[in-house]
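Just so you know, all these numbers are worked out from the coordinates, no wet-lab data involved. Computed from a predicted structure; not experimentally measured. Heads up, the Cβs are rebuilt from the backbone with ideal geometry, glycines too, and the neighbour counts pull from every protein chain shown.
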Amino acid sequence: MPIEPSRRFTGPRVYLELLRRDHTQELLRYRRDNLEFLRPYEPLQDERELVLPEQEAHIASYLERAARDQGYHFGIFLQQGGRLIGRFNLNNVVRGVFQNAYVGYALDHRHEGQGLMTEAAAIGCEIGFRLLGLHRLQAATLPWNKASQRVLEKNGFRREGFAPGYLKIAGHWQDHVIFARRVDQDLDLQPPEAGPEIRRRL
């Protein structure tokens, strides 16, 4: 596994860790607390899954994907107190000539508007580029989700296009705006093979 499950990636106010079995209770609490808030942004959720055994099964599948270098599901935690306040995912990792992952993220509604998601996304992008050696990260947002688009833009993502009926969100096939960021677009980023001075940051 390229990332040890116990490894912590820290920023000024938040840190990221791969979701593990000992996070199950916190993940369940986070999902219950934000079910209604996140409903317009996510695929339909089966509320019968909001029990500990189902969350344990989800985390087990996340860890299996990470072990296979297929995807990485991180929790976003507050530095002060260690509370789980969100999620950042690098989904569907493709190697070969693509070296791409699809970014997904969400934040507890009580912590919006503080720049915490922007900070967490910056950490997640560093993991994707510097540690995992990816060339490109792609994200899709609903056209009216301006807050999500600001998170991407502040992290160097550029709008690439518009995809009609792209994802089934809240029970409907909905249009999305496509953003992407490449490692070679950023003056302060270099591929992992640039040397230990880059890798030390992680």
Exercise for the section: Identify which of Q70, Q45, Q138 has the largest mean-square fluctuation in a Gaussian network model of the chain, with springs joining Cα atoms closer than 10 Å. Expected result: Q45
Handout entry: Whole-Hz couplings from phi, Karplus 6.51/-1.76/1.60, listed for the stretch 3-11; x for Gly and Pro
Key = 10, 5, x, 8, 6, 10, 10, 9, x
Problem - Shape category assigned to the stretch 105-151 from the gyration tensor of Cα positions, a/c cut at 1.5 - result: oblate
Fill in the blank from the handout: Inverse of <1/r> over all distinct C-alpha pairs of the stretch 9-199, i.e. the Kirkwood Rh in Å, gives 17.3 Å
Handout entry: Rounded to whole Hz, the Karplus (6.51, -1.76, 1.60) HN-Hα couplings of the stretch 151-162, x for glycine and proline
Key = 4, 5, 5, 5, 9, x, 6, 10, 5, 10, x, 10
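What percent antiparallel are the DSSP beta bridges of the chain, to the nearest 5? Numbers along the way, then the final one.
On the way: 34 of 37 bridges.
Close to 90 percent.
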Handout entry: N145/N91 FRET efficiency (R0 22 Å; Cβ-Cβ; nearest 0.05)
Key = 0.80
Fill in the blank from the handout: Inter-part gap, Cα centre of the stretch 1-27 to Cα centre of the stretch 71-102, in whole angstrom, is 9 Å
Fill in the blank from the handout: Once normalised by the length of the stretch 9-199, the mean sequence separation of its alpha carbon contacts under 8 Å that are 6 or more apart gives a contact order in percent of 19 percent
Handout entry: Vicinal HN-Hα couplings computed from phi for the stretch 43-60 (Karplus, 6.51 cos²θ - 1.76 cosθ + 1.60; Hz; Gly/Pro x)
Key = x, 4, 9, 8, 5, 5, 7, 7, 9, 4, x, 5, 5, 4, 5, 4, 5, 4
Fill in the blank from the handout: Here FRET efficiency (C-beta to C-beta, R8 to L35, R₀ 25 Å, nearest 0.05) is 0.35
Handout entry: Point-to-point label distance, A122-F162, nm (Cα→Cβ direction, 7 Å offset)
Key = 3.2 nm
Practice task
Report the label-to-label distance for E42 and D22 in nanometres (one decimal), using points 7 Å from each Cα along the Cα→Cβ vector.
Solution key: 2.4 nm
